[in-house]
Each structure stands twice: as C-alpha cells, then as structure tokens.
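Peer 1: Here it is: the structure, laid out below.
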Amino acid sequence: MRFLRPGTMAEACALKAEYPDALVIAGGTDVMVGVNFGRTDPLVMLDLTGIGELAQWRSSGEDIHIGAGLTYSRIVAELGDALPALASASRTVGSVQIRNRATLAGNLGTASPAGDALPPLLAADAAVELVSAGGARTVPATEFCVAPGRSVLQRDELIAGVRIARRRGPQHFAKVGPRNAMVIAVASIATTMDPANRTVAVGCGAVAPTPVRARAAEEFAAAALDWNGEAVLPKGTAAEFGALVADACSPIDDVRAGARYRRRAIEVLAGRALRRMWDEHLRRVE
Amino acid sequence: MKLCCTVNGEWCALDDVAGSESLLRLLRERLRLPGTKNACEQGECGSCTVYVDGESVCSCLVAAGQVDGSDIVTVEGLADGADAHPVQEAFVSAGAVQCGFCTPGLVVAAHALLARTPDPTDAELREALAGNLCRCTGYEKIFDAVRIAAGKTEAT
Amino acid sequence: MTTVDRAVRDTVGAPVRRADGMPKVRGEFAFSSDLDAPGMLWGATVRSPHPHARVLRIDASAATAMNGVRAVLTHHDIPGANRFGLERRDQPVLAAGLVRYAGEPVAIVAADDPVTASRAAKAIVVEYDVLEPLTDPEEALRGAGPELHEGGNIVAHRRIRKGSGIPEADVVVTGTYEVGMQDQAFLGPESCLAVPGGDGGIDLLCSTQWLHIDRDQLCDVLALPEDKVRLTLSGVGGAFGGREDLSVQAHACLLALRLGRPVKMVYDREESFAGHVHRHPAWLEYEHGATKEGKLVYVKARILLDGGAYASTSHAVTGNAGCFAAGPYEVPVVHVDSYSVYTNNPPCGAMRGFGAVQACFGYESQMDKLAAALELDPVELRLRNAVRTGSAMATGQRIHGPAPVAELLTRVRDMPLPGEPDVLRPGGTGNTTDGEGVRRGVGYGVSVKNICKSLGYDDYGTARVRLAVAGGEPVVSVHTAAAEVGQGLVTVQAQIARTELGVDEVTVVPADTAVGDAGTSSASRQTWVSGGAVKAACDAVREAVLVAAASVCGEPAADLRLEEGHLASAATGRTWRLADVLGDRVIDETRVYRHRETFPLDPETGQGDGHVAFAFAAHRAVVDVDVDLGLVRVVEIACAEDVGRAMNPPAVEGQMHGGIAQGLGLALMEEIQVEGGLIRNPSFTDYLIPTTLDMPAVKLDILELPRDDSPYGLTGVGEPSLLSCPAAVVAAIRDATGVDVTRIPVRPDALATTVEAGRGDPL
C-alpha cells in the first residue's frame, strides 16, 4: 500500500486528484476502525496530519475559521467562549484519547447522522469549505450530509475547514445516550439564540438520516418569545417548541434505541434547551 | 514504507511498514512492545493508550504512517529504570490492579491526566478516565491510585 | 497446629500488595496474547454467518494458494473426537455438517502473520444450505421446531417441590420478569500459544479458568494421552465464567501439531463475542403467597433459560436458578420448575452469579411487590422472612454456616444516605438536565448463592509445597494448577504458605498441569479449595520438618514448633534456625483438599443436601432518574457481605467493587442483542459496560463470621456482590419513577416510553 503524507493543502489536493480513491485520514478515529477489522483495505492512504495549517483556527470578523485538522481537545480548550455549543458537543466526543486525535472534519467526512459536532454546525449556519486541485467551494453545513455515511464531498475534494459564526447569544448542546460517557448519541440537539436578530436555530442529531434543522420550531420560537420584555417563557412554549422539533425528525429503530424513544428524547431536549437559553438570555438582559 | 520515530527515547528506523496498520500493531508486533494492550481496536476501551508527541491517544486508531517523525512513549517508557513511576507505584499500593489487562492503558491515561491537571477533582478524575474501561475493579481503587499519585491521600 | 507468626510479613488477613502488581503496571506482565515463539505462525477461524445451516462444501483452494498460508483444517483433520463440552460433549471443535449458531467455527487456517491468516480465513468459501433457525426458547421448550440435538431441545429441568400443595395465602402477588443476555466482556480477548513438543505432544500456554478440564477435552480431541498435552497458564485478562469453555485452545493445538510449528491465536473483540458463552437470558414467572402479617407461605416459579446452541454449563445454571428461586427466605412451600433449552442462539454458560443472578432479579422484584401489597416497608418484609443458621432452604437443606441475612440488610439500610444533588446528573457528560425531571429513589436487594461445586460433584484442589534452603534462608515454593484470573489467587496462596510455615520467602510457581487438578476458578471456590490444598500441603511440610528436626535437634517432634524461620522447643526453650536444621534437605509435599461432601438432589422433589455453603450479600441502591428521558445515574451502592474471613482485605474489596460494577452494568446497559440468532452489537461501541462516569460511590461493609468447615473460616467472595445489585438498582428506579420495571437491563427507551404512555408516574 502507499501512504501519502503531504505537507501542504495544495500538495494534498494534487494527490487526491491523482488518487481519487485514496482513503483520507486525519485523526483516524473512524477510519482506523474499518482498517483494523479488515472492512477497509486501502491501497492508498492520504494522511492530512502533516499539514500544519490544517490544525489551526483563526478569527475573521464575526466568524471563526476552524481548520479541518483541529482536534476536539483544542476546540474544548480554546473555543468554549466563542462557540459554546460546538465546544460542549466536542466535550461529549468519545474520551480524552479520542478528542486528542479526532477532528471536526472527520465528523463531516464520516457523515454519520449521529456525529456529535454536526448539530452545532447546523444550528450556527456554518459553512464547510471544500478544496480540490480544480478550486474551492463552500457548502452550507445544512446541505453537507445527504444520507447516512454520504455527503456532497466529491472524490477529488478534501475538507479544508469550517467557517462558523461566533456566538450571538445563548447556545446549548445536549446529547442522550444509554451510558454517561463514551457513547454514540441516540438523540442530540444544538440550539443557538440570536437576540439581536430575534432568531433561534436548532440542529438535531441521530434522529433522521442526516443531521437536520427544525425550521418550523425555529419560526415558532422566534415568534413566541418576548424579545422586548423580560418575561419568563410562557407556559407551554417549551413543550410546543419540543413537539415541533420532534416533528422535524424522522428517527429509526436500531440497536441503540427505538424511533419512538428518539422522538421523545429530542422533544424533551428541545424543550429544556429553549428554557435554558431563554433563562440565560434574561440573565444577560439583567 | 520506511518509518522513523522515537519510541521511549530510542530512535527507531523501520523498513517495510504497512502505513495503514495501526500504531498498536506496530508497537506490539514489530517493535515487540506488548505492554500496550489490544482489547477492542475501536478506541472504546483505552487499553492501548500511549503518548504520541505528548498527547495521550488510542494507539489502535493511529495509522503507523502517521507517526513518522513522532515521539512515542508507551507504558514501558514511564519507569525510570528499576524505579517505577509514582503513578505505577500508586496503582500497586492502592490495589488498583486485578487482571491487569486495562492497567497499562490506565496508567498512561492517569499519567497524562496528572501531567495536565496535577490536582484533579473527583469529577475531573472520572471524566478524564472515562475512556478506559476496566472490567475487574469497578474503578474505586483506580481513583484511589490517582489520588495517591496526586499526593491527595496516603498509600495504605 | 497453626502458627500465625506476626513477624512474618504478608500473612493471612494482612492487606497484601499483589505479587504481579508491579509487572502489570509496568507493562511487563505476559498475557497469553503477548506470547511469542521462534517460527511462530498465526491462526484464524472461519465462522458460520448463519445460526442454522448445513455445511455443503468448503473450498479452501484460494486460501491455500495465498502466499504465507500454511494450512487450512476442517473437521476431517481432527485426529480424535470432534467434540467438547463441560457437561456434555455436544459441541464440535469444527462444524461437521451442521452449524447451530452464528459464529460457530467451521475451519481454521494458519499463516505467517495475522493479517495473512485473517485474509485467508475470508478467502475460504463455505457453501451452506441455510435452515430456519430455532430462536424462541418457549418454542424450544414446547418441542416445536427442529430438534437441534439428539434427545430433544430441553437441556435441563430442575424441579423443586418443598412442602405439599399450594396453601391458602392472605395476599398473592404474581409477576413476570426478564433478564437479557449479559457478556463477561473480559478485557483480554481469547488467546493462546500452542508449541509442538519433541515427543509428538503439545505444550499449550493459554488463558483459562481450569487447566485440567481443558486438558481432558484436548486429549480427546487430539487423541493424545495426558502426559502429551501439557498446559501452562499464561496471563489471564479477566474471566468471569467466560473462560470455562474451550475457545482457541483446540484450534491452535490442531494447527501446531499438523504443522510442527508454534501457532498463536488471538481473537479480536468482535470475534470474542462469538468465541465464548454468555450469561443465560431468562424469563421468570413468579407467584408469591404471604400471610397478612407478611410471612411467606409459598413461592411458585417457572424459570426458562435460553442455553443457545450447546449445553456448556446449562445444566448446572438451571439447577442454581431453581435452587435459589425463592431467595434467602424461609418459605414453607416452594414449587419451582427451571428449564434450559437448546436454540440456535449464541451458546450460554457460566457467568459470575451462575443462575442465581437471574433468579434474584425475579424474587427480589416479587418481594418489593409483596411489600407494596402488604403496605409494609420492603426491608421489614425481608427481615420477617430472612433465613438464619438452621433455616431450611428451598431444597430442604438446613443452613449449616453463618446466615446473617437480617444483619446484612439492616446494615445497608442503616448506612447514612448520600446527599443531593449528586455531582453528576443522569445523562452524564451529555448535559441533558440541570435537574429537570430528576427524581431520587432508594431500593434494596438481598441474595444467596452456593459456594463451591454442588450436587455430589467430587470437588477438590491439589497443591505441592516445597521447602528448601537457598542463599542461607529457607524458601518455599507453592505449585498448583489453580488459575489466577485477576482475583488475587497467587497472592493469597503465598499468604497461606507464609502463615503456615513462618517463612518470608515464598514463590508461587506458574500454574500448569504438571501438578494435580485444582478445579475451576469459578463458583467462588478457588481460595477455599486450592487455598485449602496449599494449607494442607503446608501442614504436611511442617510435620515433615518437625520429624526431620527431631533428630537434628535431639528433641521429640511433639515438643517442637516451627515459627519465624526458626524451630523452638516448648520443653527446653531452645531455638534453631530453620535453615540450619534443613541443611540441604528438601521437603516436598503434595496434598489434595476436598470440601465436605454434597449430594445430588432428589430428581422429583429437588430436596437434598446439595450445597457446601451459602453466601449472602445485601445491597442498597440510590439512584437519580431523569424520568422524562429515562436516564439513570446511580448515585451510590452500599453492599454488605459476609466473607467469613477476609484473607487479603483489599482483594476482597476489589472483588466486591468489581461485582457491583458488573451488576450495575446488567441493571442498566449490558445486553447482547440477538435477532434471528445473530448478535447485533458485537463491539464495545454497542455492548456498553460501565465507565468511570457510570460507577457510583460505593460503600462496603464486610462481615467476617468464620465458618467451621473451611480454611481460616473463609467463604467465597467472587460472586455475592453482583447477585442482588441489579435487583436493588431496579428497585430504586421503581421507587424513583413508579414504573413497574420488569426487565433488565433497563434501557432508557423502556423507562421513558413507559412514563410517556402514562403507565408510570404522571409527569
């Protein structure tokens, strides 16, 4: 087998053009499981960990640009203030050892509906930057995944990074799994609130073939919340919001949980998320 | 591929390495360092925890090709000759070892925790070791060992 | 005469560091998967993907043509009997014609390296005639579906009929309960190294719980006499019952003998799930009758266990489930039928608790239900019915030793309750609640299990103890075939020798088949039985020393005592250094220890003195449940257990902690999910065992009520701490939620959707 380890993104793109079937690896935390069990037997492996620029993040205006190779440990340690939902989701990714290797781009590349970091990207209207020898393009995170394990990534493309808006208000992330740690989500939610623009956004994980936004719930919340005042959440608002979020989902039964439970869980998580964000918003107003 | 790295302070140059095979297999089968254990090969159990360039990682999820030029430390590299590292000593004195299969990974994970957070709270301790499964001890005495190594309690 | 010498360190009862601790923490301890030999090949196994099929043809041509592949063997290549099994030799080493479970070995291959071996295994084409699998144990019990083994699909049926007829009762409660299939999930997957000997025999280094029973089965498979099948225990990465049956052993030996080269086999985690038996899933139907004062009048139970494709230890597990179906309670009338059946599901056998765990979940759930019906406190109801020394168990056997059930219960009840809120919420790192929906509950469980082998089995252990002088000091070596599986057996053997012989320097040599049978490291028996054998051999060594010393010292042996590395005369007060008395004399004694005799139960009534000893434990669980999400955080487990004598207190605590962790796992998350005979979650990604964030604070209360029929008064400690842990956790969940939980593991979806459906506490 050939193991390719470019030092720059341009080199990486050229190699990906030359070997479109190369198995791309960065943190390896998904890829290597397949290799270890003989389910993937790559002839060519393209390792991106040699590209220093990829493992960095930077501020650009209102946005944060996260390189494809930034590990979750660093997201947790360095981006907690700017991107609370993403940092909170990152903290639930596997273990310390996994977070020391695994990257945001890995979650995108795997395109699992349960990828922990994906709902925060959706809820923050993040954009995924893709590059190839032929050029670059940007895809909204909401459109990146198309089916379980499938994304819009073309054979000659690599994920360069993610552009994501710095927090504009309260954010929240929660994840349900049948164990207190080290667990794949059976339902997860990321929510963001932008009081200046009077919007709420919701990204849901593990409750549909891809991570999904809950637009109707977002519109409901935007309309229902008393943005001018300092009123507590009206009775029933969180519950209705939860039900609308659940309506946006189409969960399945699998070995980890039943569809009915996933629906129930996302409903509960959504209601709690709205309440928590609103409480935080009120505290800030004070 | 040809691969060079430092393992437990020693420079290794290896020929004919399959770059896609895991660092775990490279350590155990090529470098004859079986202290690092293979219990799941999915990153779920932490038994294969080693340091790569100062970070604790699951060696089963690192491709051998990725460690070209890296500095690797395994459980075999923690002791100072005949003198066990204080974390190792604490595991023995606390009774944190039973079958011992998870132990090398836990020792490295605990070592990494204390390097980062010398005085961890119980909550930090639990979260930091959540990626290391142990089937024998119920973790109680492992927590004791980390507390001893952190100088929080006396060895019994 | 027993000399307990305070000057000698690390004797019985002292907190002793493990002898193997330092090599284990340094990564220098050799587990069977770490072994190596010159010219070593790697084995791999071809397994059936179908739970029930006929093997029509095996085409290994592509595999054998691969570079580096040395041999492919099928059932045609087995020199001896193609059969193994602990109770019945009903399991083929390599399937011949019929496969009965998904994962059954069909062929084996040896190659130069592990990657080639595994590629070759995948290249072997097996053509199957796929048959309809029998996967419903109720169907199997009814006699529906195909007969999977000659003689029908009922493996075992234990009848217990204590008292006559079902009497009237003021209050009757019934319940149906279910226990999922748990896995031992030891961390070190199956592995071994088989090295052909020059004599046509084989030397096998392996992980096992019982060397001699492996050897006996291997002799038959390999058609070799006992002296040509030599087993040595290598480092064992946990066992918990899952290493009683053969896995890699026969396959590696077959390949090594065929090729005349060492062969190593190591399963990966996925293969490990197919490579060993699991805890029997159980379906339990109960009826309890009581007086209005809360005295049990009768217990009726019907317990069905799915044994899967092969018998393994199903017979004994079924017996245990039946014998302990009524729990540690005085019940005048007991009417139990427990069954195990063959199906095309994964084979089930021994796992820590061995039938008593499943029954405990049933009877303790019933006791809570009965307490509710009687409006009695659940602990009070248990106290009113608890057995004590002299009480008759369901089998009619009078309890001979300590039976502090009431005391254990009151001790856990009276421990202070943990404060709230817990540092960790239900949902853990998932950040699912700030306290919304969280309710606290408290629950209790108490349990009983037999210690040592039962029902007339000739259960014994053998030890060889050798005393000599080296470097001017007396040294002792202890040799048994008893398997150290992590429990601390090596350490306790050395403690016994130090205690008995007053010698500091004790070496426990590796366990192997060069010494007599030790029996199995299971049934919580090994410290009792092999410990008893070490003590007996030490007694014999001491006697021999005194006889030898009599002539050297010129005093009668009866006046001499052996202590602190010296001989002392009671008559004259003179002392001699043991090393001087021994000189170059070597004293070498081998002894067999047997616990007291047991007897088979009456086949019709299940009555008789079937068990050596009963061990008891009580648990109190405190849980926080997020009732909206069905997520549970166990806040604390308190466990009280009578251990007779804590031989090495930290090791006893370690056993208890570990048992509690596995009990918590069974209560909340651990289940092999089987559908149509296929395991759906053969990985640590989806077979979940408790992490550091799932384990609660644990409080232990260890009683030491000495027995009069065991070495040092000890009783077994391997299993009791697990037994009633799931029952207590579930009782606490019921207390928190009001949901009538009847199945373990309690999955969040079961709990939340039950609440949602309005059957639980209204939200």
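Peer 1: Considering only the stretch B:96-130, how many residues are within 11 Å of chain C (Cβ to nearest Cβ), assigned to a loop (DSSP other than H, G, I, E, B) and either among the β-branched types (Val, Ile, Thr) or open to solvent by 40 Å² or more (accessible area, probe 1.4 Å) (or both)?
Peer 2: 2
Peer 1: When residues of the stretch C:208-226 are filtered for being outside any helix (DSSP H, G or I), open to solvent by 10 Å² or more (accessible area, probe 1.4 Å) and farther than 17 Å from C:GLN91 by Cα, how many remain?
Peer 2: 3
Peer 1: Moving on. Checking C:THR590 against (1) within 13 Å of another protein chain (Cβ to nearest Cβ); (2) open to solvent by 30 Å² or more (accessible area, probe 1.4 Å): exactly one of these is not met. Which one?
Peer 2: Answer for C:THR590: the failing condition is (1).
Peer 1: Give the residue that is nearest to C:LEU73 (Cα to Cα), with candidates limited to residues of the stretch C:95-143 that are under 26 Å from the mean Cα position of the chain (by Cα) and open to solvent by less than 40 Å² (accessible area, probe 1.4 Å).
Peer 2: C:PRO105
Peer 1: A follow-up question, please. Can C:ALA156 be described as assigned to a strand (DSSP E or B) and of a type in the set (Gly, Ala, Ser)? Give the derivation first.
Peer 2: Details: assigned to a strand (DSSP E or B): yes; of a type in the set (Gly, Ala, Ser): yes.
Spelling it out, C:ALA156 is indeed assigned to a strand (DSSP E or B) and of a type in the set (Gly, Ala, Ser).
Peer 1: If you check every pair at least six apart or on different chains, which have Cβ atoms under 9 Å apart with a residue in the stretch C:741-753 that is within 7 Å of chain A (Cβ to nearest Cβ) and open to solvent by 10 Å² or more (accessible area, probe 1.4 Å) first and a residue that is of a type in the set (Asp, Glu) and in a loop (DSSP other than H, G, I, E, B) second?
Peer 2: Correct list of pairs: C:ARG747/C:GLU671.
Peer 1: Scanning for something assigned to a loop (DSSP other than H, G, I, E, B) and touching an Asp or Glu at 6+ places or on another chain (Cβ under 6 Å), does the stretch C:607-622 turn up at least one residue?
Peer 2: Step one: filter the stretch C:607-622 for residues assigned to a loop (DSSP other than H, G, I, E, B), giving C:607-612.
Checking which are touching an Asp or Glu at 6+ places or on another chain (Cβ under 6 Å) leaves us with C:608.
Yes: one or more hits.
Peer 1: Scan the stretch A:159-182 for residues that are more than 14 Å from every other protein chain (Cβ to nearest Cβ) and within 28 Å of A:ALA26 (Cα to Cα) and report the count.
Peer 2: Taking the stretch A:159-182 and keeping what is more than 14 Å from every other protein chain (Cβ to nearest Cβ), we get A:159-169.
Still in the running and within 28 Å of A:ALA26 (Cα to Cα): A:159-167.
Adding up the residues that qualify gives 9.
Peer 1: A follow-up question, please. With surrounded by 24 or more Cβ atoms within 10 Å (Cβ to Cβ), within 30 Å of the chain's Cα centre (by Cα) and on the phi > 0 side of the Ramachandran plot as the only criterion, which of C:GLY502, C:GLY488 stands out? Break it down stepwise before answering.
Peer 2: Numbers: C:GLY502 fails: within 30 Å of the chain's Cα centre (by Cα).
The match here is C:GLY488.
Peer 1: Go through the stretch C:46-68 and give me each residue that's open to solvent by 20 Å² or more (accessible area, probe 1.4 Å) and in a strand (DSSP E or B).
Peer 2: Residues satisfying the conditions are C:ARG47, C:ARG54, C:VAL55, C:LEU56, C:ARG57, C:ILE58, C:ASP59.
Peer 1: Which residue, of B:LEU78, B:LEU14, is without any contact (Cβ under 8 Å) to a residue 24 or more places away in the chain, of a type in the set (A, V, I, L, M), more than 29 Å from C:PHE273 (Cα to Cα) and out of contact with any Phe, Trp or Tyr (no Cβ under 8 Å at 6 or more places or on another chain)?
Peer 2: Values: B:LEU78 fails: without any contact (Cβ under 8 Å) to a residue 24 or more places away in the chain.
Exactly one residue qualifies, and that residue is B:LEU14.
Peer 1: Additional query: Does A:VAL285 satisfy the criteria of being open to solvent by 10 Å² or more (accessible area, probe 1.4 Å) and touching a Leu at 6+ places or on another chain (Cβ under 8 Å)? I'd like the intermediate steps shown before the answer.
Peer 2: On the way: open to solvent by 10 Å² or more (accessible area, probe 1.4 Å): yes; touching a Leu at 6+ places or on another chain (Cβ under 8 Å): no.
For A:VAL285, the condition - open to solvent by 10 Å² or more (accessible area, probe 1.4 Å) and touching a Leu at 6+ places or on another chain (Cβ under 8 Å) - is not met.
Peer 1: Which condition from (1) over 14 Å from C:ALA728 (Cβ atoms); (2) of a type in the set (A, V, I, L, M); (3) in contact with a helix residue (DSSP H, G or I) (Cβ under 7 Å, 6 or more places away or on another chain); (4) not in a loop (DSSP other than H, G, I, E, B) is the one that C:VAL652 breaks?
Peer 2: Condition (3) is where C:VAL652 drops out.
Peer 1: On the given criteria, is C:TYR687 outside any strand (DSSP E or B) and at the interface with another protein chain (Cβ under 10 Å from one of its Cβ atoms)? Full working, then the answer.
Peer 2: Numbers: outside any strand (DSSP E or B): yes; at the interface with another protein chain (Cβ under 10 Å from one of its Cβ atoms): yes.
Judged against the criteria, C:TYR687 is a match.
Peer 1: Might you check whether a residue that is in contact with a Pro (Cβ under 7 Å, 6 or more places away or on another chain), open to solvent by less than 10 Å² (accessible area, probe 1.4 Å), more than 14 Å from chain C (Cβ to nearest Cβ) and on the phi < 0 side of the Ramachandran plot occurs anywhere in the stretch A:183-200?
Peer 2: The answer is yes, given that some residue of the stretch A:183-200 is in contact with a Pro (Cβ under 7 Å, 6 or more places away or on another chain), open to solvent by less than 10 Å² (accessible area, probe 1.4 Å), more than 14 Å from chain C (Cβ to nearest Cβ) and on the phi < 0 side of the Ramachandran plot.
Peer 1: Let me ask you something else. Kindly provide the set of residues from the stretch C:425-463 that are open to solvent by 10 Å² or more (accessible area, probe 1.4 Å), within 31 Å of the chain's Cα centre (by Cα) and within 12 Å of chain A (Cβ to nearest Cβ), ordered by number.
Peer 2: Across the stretch C:425-463, the qualifying residue is only C:GLY428.
Peer 1: While we're looking at this one, here's another question. Only one of (1) farther than 24 Å from C:SER247 by Cβ; (2) part of a strand (DSSP E or B); (3) open to solvent by 10 Å² or more (accessible area, probe 1.4 Å) fails for C:VAL195. Which number is that?
Peer 2: Failing condition for C:VAL195: (1).
Peer 1: How many residues are part of a loop (DSSP other than H, G, I, E, B) and either aromatic (Phe, Trp, Tyr) or more than 7 Å from chain B (Cβ to nearest Cβ) (or both) when one looks only at the stretch C:21-41?
Peer 2: Initial filter on the stretch C:21-41 (part of a loop (DSSP other than H, G, I, E, B)): C:26-30, C:35-40.
In the following step, the residues that additionally are either aromatic (Phe, Trp, Tyr) or more than 7 Å from chain B (Cβ to nearest Cβ) (or both) were identified as C:29-30, C:35-40.
Qualifying residue count, the stretch C:21-41: 8.
Peer 1: With the structure loaded, tell me whether A:THR103 is closer than 30 Å to A:ALA221 by Cα, in contact (Cβ under 8 Å) with a residue 40 or more places away in the chain, within 13 Å of chain B (Cβ to nearest Cβ) and open to solvent by less than 20 Å² (accessible area, probe 1.4 Å) or whether it fails that test. Show your work before the answer.
Peer 2: Numbers: closer than 30 Å to A:ALA221 by Cα: no; in contact (Cβ under 8 Å) with a residue 40 or more places away in the chain: yes; within 13 Å of chain B (Cβ to nearest Cβ): yes; open to solvent by less than 20 Å² (accessible area, probe 1.4 Å): yes.
Considered against the rule, which asks whether it is closer than 30 Å to A:ALA221 by Cα, in contact (Cβ under 8 Å) with a residue 40 or more places away in the chain, within 13 Å of chain B (Cβ to nearest Cβ) and open to solvent by less than 20 Å² (accessible area, probe 1.4 Å), A:THR103 comes out as no.
Peer 1: Has the stretch C:595-612 got any residue that is at pLDDT 95 or above and within 14 Å of chain B (Cβ to nearest Cβ)?
Peer 2: If we filter the stretch C:595-612 for residues that are at pLDDT 95 or above, which is where we start, we get C:595, C:597-612.
Adding the requirement that they be within 14 Å of chain B (Cβ to nearest Cβ) leaves none.
So far as the stretch C:595-612 goes, no, none of its residues is at pLDDT 95 or above and within 14 Å of chain B (Cβ to nearest Cβ).
Peer 1: Here's a follow-up. Would you mind stating whether C:THR395 is crowded, with 23+ Cβ neighbours inside 10 Å, at pLDDT 95 or above and β-branched (Val, Ile, Thr)? Full working, then the answer.
Peer 2: Numbers: crowded, with 23+ Cβ neighbours inside 10 Å: yes; at pLDDT 95 or above: yes; β-branched (Val, Ile, Thr): yes.
In short, yes.
Peer 1: Are any residues in the stretch A:70-95 open to solvent by 20 Å² or more (accessible area, probe 1.4 Å) and within 13 Å of chain B (Cβ to nearest Cβ), and if so, which ones? Outline the logic, then answer.
Peer 2: Here is the first cut: in the stretch A:70-95, the ones open to solvent by 20 Å² or more (accessible area, probe 1.4 Å) are A:71, A:73-74, A:76-78, A:80-81, A:84, A:88, A:91, A:94.
Within the stretch A:70-95, A:THR71, A:SER73, A:ARG74, A:VAL76, A:ALA77, A:ARG91, A:GLY94 meet the criteria.
Peer 1: Restricting to the stretch A:21-46, name every residue that is assigned to a loop (DSSP other than H, G, I, E, B), open to solvent by 20 Å² or more (accessible area, probe 1.4 Å) and within 13 Å of another protein chain (Cβ to nearest Cβ).
Peer 2: From the stretch A:21-46, those assigned to a loop (DSSP other than H, G, I, E, B) are A:21-22, A:26-30, A:37-43; that's our starting set.
Now restrict to residues that are open to solvent by 20 Å² or more (accessible area, probe 1.4 Å): A:21, A:26, A:29-30, A:37-41, A:43.
The answer is A:ALA26, A:THR29, A:ASP30, A:PHE37, A:GLY38, A:ARG39, A:THR40, A:ASP41, A:LEU43.
Peer 1: Can you tell me which of (1) under 30 Å from C:GLY143 (Cα atoms); (2) out of contact with any Phe, Trp or Tyr (no Cβ under 6 Å at 6 or more places or on another chain); (3) in a loop (DSSP other than H, G, I, E, B) is the one C:LEU246 doesn't meet?
Peer 2: Going through (1) under 30 Å from C:GLY143 (Cα atoms); (2) out of contact with any Phe, Trp or Tyr (no Cβ under 6 Å at 6 or more places or on another chain); (3) in a loop (DSSP other than H, G, I, E, B) one by one, C:LEU246 breaks only (2).
Peer 1: Return yes when C:ALA549 is crowded, with 17+ Cβ neighbours inside 10 Å, in a helix (DSSP H, G or I) and without any contact (Cβ under 8 Å) to a residue 40 or more places away in the chain and no when it is not. Walk me through it before giving the result.
Peer 2: Values: crowded, with 17+ Cβ neighbours inside 10 Å: yes; in a helix (DSSP H, G or I): yes; without any contact (Cβ under 8 Å) to a residue 40 or more places away in the chain: yes.
Criteria met by C:ALA549.
Each row is one residue, and each column tells you yes or no for (1) crowded, with 19+ Cβ neighbours inside 10 Å; (2) part of a loop (DSSP other than H, G, I, E, B); (3) touching a Pro at 6+ places or on another chain (Cβ under 9 Å).
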| residue | (1), (2), (3) |
| --- | --- |
| B:CYS5 | yes, no, no |
| B:ALA13 | no, no, no |
| B:LEU27 | yes, no, yes |
| B:LEU33 | yes, yes, no |
| B:THR36 | yes, yes, yes |
| B:GLU41 | yes, yes, no |
| B:GLU44 | yes, yes, no |
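Peer 1: Then there's this: Of (1) part of a helix (DSSP H, G or I); (2) farther than 24 Å from A:THR210 by Cα, A:THR49 satisfies all except one. Which?
Peer 2: The failed condition is (1).
The values are calculated or read from the model by the stated rules, or taken from the named source; none is laboratory data. Note that this is a predicted model, so its numbers are computed, not measured. With ideal geometry, Cβ positions are generated from the backbone for all residues, glycine too; neighbour counts draw on all protein chains shown. Just the protein is used for accessible areas: all its heavy atoms, side chains included, with ligands, DNA and RNA removed. Shrake-Rupley method; radii C 1.70, N 1.55, O 1.52, S 1.80 Å.
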